[in-house]
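Input: a single structure, listed below in structure tokens.
The values are calculated or read from the model by the stated rules, or taken from the named source; none is laboratory data. Please read all numbers here as calculations on a predicted model, not as lab measurements. Cβ: placed from backbone, ideal geometry, glycine included. Neighbour counts: every protein chain shown.
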Amino acid sequence: MINIFQVAYKNLLRKKARSALTIVGIALAAWVLVSLLGFNRGYEMSLNRDIDNLGFQILVTAKGCPYEAATLMLKGGTGLRYMKADVVAQISKEPEVDEITPMLMQAVFDPNKGESGGYSAYLGVDPATFPKMKSFLEFKQGKWFTDPEALEAVMGYEAAELEQREVGDPLLITEKNVEVKVVGILKRTGTQDDGTIFLPLKMVQKTFDKTDDLTGIGIKVKKEASISKLEDKLYQLPDVQVVSMSQVKQTIMTLVSTAKVMVFSIALIAILISVVGVVNTILMSVMERLQEIGILKSMGATAWDIFKLIWLETLILCISGGVIGAFFALGTARLTDVLIRRLLPYAPSGGLVQINPSLVLLTFGIVILIGLLSGVYPSWKAGRVRPLEAIRSQVE
Amino acid sequence: MSQTSPIVLEAHDLVKIFHRGSEDIPAINHVSLSIREGEFVAFVGPSGSGKTTLINILGCLDNPTSGKLSLDGRVVVDEGRVLSESALTKVRRDIFGYIFQKFYLIPTLTVQENVLLPFTFYRKPGADAEVGRILKLLGIDHRKDHLPGEISGGEMQRVAIARALINRPRILLADEPTGNLDTRRSEEIGELLKGLNRREGLTIILVTHNPALANIADRIIELRDGAIYKESWSSNREA
Ligand SMILES: Nc1ncnc2c1ncn2[C@@H]1O[C@H](COP(=O)(O)OP(=O)(O)OP(=O)(O)O)[C@@H](O)[C@H]1O
Ligand SMILES: [Mg+2]
């Protein structure tokens with residue numbers, strides 16, 4: 001026996017090259033779509049993760065370095081300004097504050113680092129509060145220091161790799177000629193923590209002669225409390241600036257949105273081109289088959305039967321194109337990642353293109369919708385062919 | 001067939017006027033006729049005499065400008081009032097099977113699949129049981145898994161006839177069915193149609209230029225300028 005699916009499928013086989021080209025067109029559109037949706041998802045996920053991994057929602061820094069504070073925390077860096085340590089006590093009084101941790105960052109030029117020397121970033125952290133706030137940090141070896149003045153260090157994964165240190169090894173703070181002992185090495189996090197060397201806060205303050213200074217204060221807000229309310233209060237403090245991580249995210253998102261608009265325009269164009277391609281292919285095949293469609297109608301096919309047949313042909317083209325495109329996108333996700341990374345002003349660590357099943361399903365949905373829509377006109381036209389068409393051409 | 005068989009098709013005063021620019025072309029001029037169940041009727045006449053136009057109107061593929069057509073006692077067209085398109089579709093699939101000069105087989109479907117094609121849209125009750133018999137009857141049984149490109153023109157027309165018969169029509173309409181075939185194949189198709197009429201009792205309306213083919217019919221109607229010019233009954237058939 002034979003059904004309408006087979007007929008539709010075999011009709012497409014009649015012009016193999018044409019059907020194949022149309023499928024390629026749709027596959028390209030689906031590929032672009034899946035990749036871009038994957039990017040859209042992956043970028044936000046990575047950015048959110050980077051920001052969540054800071055462990056705090058608000059960062060208070062000394063006035064004078066606008067958003068550099070964010071860059072400082074996200075990327076590491078120099079150009080530091082200081083604020084007085086008593087700010088911590090002041091902020092702790094606010095009812096919205098859940099946890100608070102003071103930090104002092106120092107960067108030291110190390111002539112022995114790499115080929116031409118480089119900066120080592122030391123972050124002085126409070127052993128009583130910092131590890132608790134960043135409880136998601138995992139150790140490859142060892143553990144946190146507990147004494148606020150101990151000559152001990154915890155190294156980020158990459159920092160340890162670079163300096164080739166193990167727990168128990170000594171580490172020299174170059175300019176200051178102070179030697180500390182490595183007590184812990186972190187697992188890779190994919191964030192700037194990887195390149196950081198953590199030292200006890202008091203010890204850093206003493207070593208660098210900044211006994212009363214801080215570069216940053218991380219604040220974790222109570223779950224139910226309003227972040228913006230606390231921010232408003234912090235703005236009242238003199239000589240400090242407040243960087244909220246949601247704000248940082250917003251800023252980065254705005255920067256990226258320009259790139260996104262461009263990228264989605266490309267997707268839209270790809271889709272439009274493939275729609276035109278599909279309509280063209282199906283319309284052409286309908287026009288070539290007017291007589292045959294007339295015969296089908298004389299056999300008892302209704303306008304709706306013909307509509308279904310042509311619609312099915314369109315759908316088969318679109319679904320095959322969609323499947324091929326989606327798998328292609330999965331296969332090339334890494335490559336797309338590299339390409340997109342070059343276009344972006346700021347790229348978080350981790351996979352930028354995250355393709356998951358629901359995304360692939362969404363794309364199938366879109367592609368099927370495209371198929372249904374672009375099939376409507378040719379199918380409707382075919383359905384209207386009168387059976388007389390079949391005979392008319394013999395007269396001429 | 002006998003004179004007492006019921007009338008399946010009755011046409012009264014059919015007129016068809018085509019308009020080409022400002023010109024009116026009267027293709028059918030006041031044609032009335034009736035066809036009984038089991039009859040084999042051939043329309044002959046010179047080119048342009050209106051044979052195709054008439055058979056299209058009788059087969060509900062085209063509408064007359066005026067006149068009345070009844071099928072099985074049911075009025076299909078009366079003075080320009082026509083059944084709805086969906087009702088016409090029903091009439092077409094219940095009453096008619098059509099074959100044409102061209103075969104219109106789908107090249108990527110096998111012989112058997114082409115024959116079964118009408119079933120994808122509509123299946124008359126009990127029609128499935130006939131499939132094997134029809135393929136045998138038309139002598140294409142051994143070709144059923146071939147593609148149309150692999151068989152001869154005569155065989156292709158047999159496939160087209162099988163396809164027209166698969167839903168067991170009351171009337172088979174054939175417009176120049178041998179127009180694309182050589183003499184020998186034409187004769188074979190002629191024999192086949194004759195057999196279908198005699199043995200299966202199928203009503204056949206045939207249009208042809210070929211006098212030899214026309215002669216297998218019981219009744220030959222000659223058209224000239226869109227009107228019935230002459231009508232004759234063949235002698236080779238008892239009344
Ligand atoms: N669609 C049409 N539009 C205009 N004129 C038409 C149309 N179809 C047929 N005619 C005209 O009607 C007349 C009858 O044509 P028809 O095709 O019925 O003749 P025929 O007997 O089948 O001829 P042939 O033997 O060549 O097939 C011709 O003059 C033809 O030009
Ligand atoms: Mg003709």
Test: residue in the stretch A:178-187 that is modelled with pLDDT under 90 and in contact with an Asp or Glu (Cβ under 9 Å, 6 or more places away or on another chain): no
query: Filter the stretch B:44-68 for residues that are buried (at least 21 other Cβ atoms within 10 Å of the Cβ) and more than 14 Å from chain A (Cβ to nearest Cβ); which is farthest from ligand 2 (Cβ to nearest atom)?
result: B:67
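For (1) more than 30 Å from residue B:17 (Cβ to Cβ); (2) acidic (Asp, Glu); (3) more than 14 Å from chain A (Cβ to nearest Cβ); (4) within 16 Å of ligand 2 (Cβ to nearest atom), each residue gets a yes or a no:
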| residue | (1), (2), (3), (4) |
| --- | --- |
| B:150 | yes, yes, yes, no |
| B:176 | no, yes, no, yes |
| B:192 | yes, no, yes, no |
| B:197 | yes, no, yes, no |
| B:203 | no, no, yes, no |
| B:206 | no, no, yes, yes |
| B:212 | yes, no, yes, no |
| B:225 | no, yes, yes, yes |
query: Among the residues of the stretch A:145-175, which ones are in contact (Cβ under 8 Å) with a residue 24 or more places away in the chain and not hydrophobic (A, V, I, L, M, F, W, C)?
result: A:147, A:148, A:149, A:152, A:156, A:157, A:158, A:166, A:174, A:175
- request: Among residues belonging to the stretch A:361-396 that are of a type in the set (A, V, I, L, M) and modelled with pLDDT under 85, point out the one that is farthest from ligand 1 (Cβ to nearest atom).
  value: A:390
query: Got at least one residue in the stretch B:75-84 being more than 16 Å from ligand 1 (Cβ to nearest atom), modelled with pLDDT of 95 or more, of a type in the set (Gly, Ala, Ser) and more than 22 Å from residue A:295 (Cα to Cα)?
result: no
- line: Cβ pairs under 7 Å, 6+ apart or interchain, first in the stretch B:155-178 and closer than 14 Å to residue B:112 by Cβ, second away from ligand 1 (no atom under 16 Å from the Cβ) and of a type in the set (S, T, N, Q), ordered by first then second residue, are B:159/B:114; B:163/B:114
message: Which residue is farthest from the chain's Cα centre (by Cα), if the candidates are limited to the stretch A:240-257 and must be touching a residue at least 12 places away in the same chain (Cβ under 8 Å) and farther than 23 Å from residue A:220 by Cβ?
response: A:255
- prompt: Which of the residues that make up the stretch A:324-351 are among the polar types (S, T, N, Q) and at pLDDT 80 or above?
  reply: A:332, A:336
- request: Within the stretch A:307-329, count every residue that is under 33 Å from the mean Cα position of the chain (by Cα) and of a type in the set (Lys, Arg).
  value: 0
task: Kindly indicate whether residue B:52 is in contact with a Pro (Cβ under 9 Å, 6 or more places away or on another chain), part of a helix (DSSP H, G or I) and at pLDDT below 95.
output: no
query: Does the stretch B:9-30 include one or more residues that are of a type in the set (Asp, Glu), more than 16 Å from ligand 2 (Cβ to nearest atom), under 25 Å from residue B:177 (Cα atoms) and more than 14 Å from every other protein chain (Cβ to nearest Cβ)?
result: yes
task: Working only within the stretch B:31-43, note down all residues that are of a type in the set (Gly, Ala, Ser) and within 16 Å of ligand 2 (Cβ to nearest atom).
output: B:42
task: Check off (1) surrounded by fewer than 18 Cβ atoms within 10 Å (Cβ to Cβ); (2) touching a residue at least 60 places away in the same chain (Cβ under 8 Å); (3) within 14 Å of another protein chain (Cβ to nearest Cβ); (4) under 21 Å from residue B:105 (Cα atoms) for residue A:284 and give me the number that stays unchecked.
output: (3)
- request: Only one of these is at negative phi, within 16 Å of ligand 1 (Cβ to nearest atom) and in a loop (DSSP other than H, G, I, E, B): B:5, B:47. Name it.
  value: B:47
field: Hits in the stretch A:7-17 - residues which are surrounded by fewer than 16 Cβ atoms within 10 Å (Cβ to Cβ) and either closer than 14 Å to residue B:112 by Cα or at the interface with another protein chain (Cβ under 7 Å from one of its Cβ atoms) (or both)
entry: A:13, A:14
field: Residues (modelled with pLDDT of 65 or more and among the β-branched types (Val, Ile, Thr)) located in the stretch A:47-88
entry: A:51, A:58, A:60, A:61, A:87, A:88
- request: Would you point out which residue out of B:152, B:186 is within 16 Å of ligand 1 (Cβ to nearest atom), over 23 Å from residue B:92 (Cβ atoms), at pLDDT 90 or above and out of contact with any helix residue (DSSP H, G or I) (no Cβ under 6 Å at 6 or more places or on another chain)?
  value: B:186
